[in-house]
Amino acid sequence: MSSMLHTIEVAGILAFASSGFIEARRKRMDVVGVFTVAFITAFGGGTLRDLLLDRRPLFWVENQEYPIIIFVMSVVAIPFLRHLRNAVTENAIVLADALGLGLFSVTGASLAQEAQMPMFVCVMMGVITGIFGGVLRDIICNEIPLVFRRSHLYATCAFAGCWTYLILNRLEVNEGVALAFGVGICFVLRMMAVRFDWKLPV
């Protein structure tokens, strides 16, 4: 994995872990619960991606510093999470989740392309990588997964971000620029969907 993809992966882990911390705080979990929710949110999508692409060892097994960072953050985050107000919590989880969605989706699409998967499969692999950690988080926290509700655009944003990255990549745009545009399109679409109440038709 290139150093840029590695950096994006770390940023995605931190973003999704943060959304896991905040959701666990809303459910008033102890430190074990906070760590578990953050761990599954951060690594769920990437683990499924690695299994589907037959990548071994799994990305968080190969990089043991990833779960160590989540563990340390879980312990450190508890005192701060207690003082967050509900309104701040709602906004923070939307922001962290949107950022993680963009970062992980584009990373998943890039790794699938590296494995020489067809273009549409690369997009779907990116979407799966982006949404699956959040699905597991919501299930564990006894919520209907966000992606399955008729709510603001979610998986659609990841879909658009992955296509943006792959098309720019095919046009031989600089890899860093393509990655940044893919992440940016996903993030901006998600935040605009929340702001302007964009939903798919029934």
Requested in this report: Starting from the Kirkwood radius over alpha-carbon pairs of the chain, derive D by Stokes-Einstein at 37 °C in a medium of 0.692 mPa s and give it in µm² s⁻¹.
Outcome: 196
Query raised in the report: If R0 is 22 Å, what FRET efficiency do you get for VAL31 and ILE69 from their C-beta distance, rounded to 0.05?
Result: 0.90
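Place the peptides 112-118, 99-105, 50-56, 184-190 in order of packing, highest mean first, counting for every residue the other Cβ atoms within 10 Å and averaging per peptide. Walk me through the numbers before you get to the answer.
Numbers: 112-118: 15.6, 99-105: 29.6, 50-56: 14.0, 184-190: 21.6.
Per-residue mean Cβ counts within 10 Å order the peptides as 99-105, 184-190, 112-118, 50-56.
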Report summary line: the chain accessible area per residue, 1.4 Å probe, protein heavy atoms, integer Å², reads 50
Query - Hz values of 3J(HN,Hα) by residue in region 44-55 - Karplus curve (6.51, -1.76, 1.60), Gly and Pro given as x - result: x, x, x, 5, 4, 4, 5, 5, 5, 8, 6, 9
**Report entry** Label-to-label distance, nm, for residues given as PHE80 and ILE167 (7 Å Cα→Cβ offset)
**Finding:** 3.7
Query raised in the report: Which value, in Å² rounded to 10, gives the accessible area of GLU65 with a 1.4 Å probe and all protein chains present?
Result: 80
Query raised in the report: From the phi of every residue in region 191-200, what ³J(HN,Hα) in whole Hz does the Karplus formula 6.51 cos²θ - 1.76 cosθ + 1.60 yield, where θ is phi - 60° and glycine or proline is x?
Result: 5, 5, 4, 5, 5, 10, 6, 7, 9, 6
Report task. Report, in degrees rounded to the nearest 10, the 0 to 90 angle that the Cα long axis of helix 119-140 makes with the longest principal axis of the chain. Result -> 10
Query - Gained length - ARG55 relative to ASP197, 0.36 nm times residue gap less alpha-carbon distance - result: 47.3 nm
Query raised in the report: Could you state the number of Å between the C-alpha centres of region 117-174 and region 1-50?
Result: 16
Query raised in the report: If you take the Cα Rg of region 127-183 and divide it by 2.2 N^0.38 Å, with N the number of residues, what do you get?
Result: 1.38
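Taking only the C-alpha atoms, wrap a convex hull around region 1-76 and report its volume per residue in Å³ as a whole number.
On the way: hull volume 6.1 nm³, N = 76.
In region 1-76, the Cα convex hull volume per residue is 80 Å³.
Ignoring ligands, DNA and RNA, what percent of the accessible area of region 1-46 is carbon or sulfur (1.4 Å)? It would help to have the intermediate numbers written out before the result.
Working: 1090 of 1740 Å².
That share works out to 62 percent.
The values are calculated or read from the model by the stated rules, or taken from the named source; none is laboratory data. Quantities reported herein were computed from a predicted structural model and do not represent experimental measurements. Because the Cβ atoms are built from the backbone with ideal geometry, glycine has one as well, and the counts that use them run over all protein chains shown. What goes into the accessible areas is simple: the full protein's heavy atoms, side chains included, and nothing from ligands, DNA or RNA. Shrake-Rupley method; radii C 1.70, N 1.55, O 1.52, S 1.80 Å.
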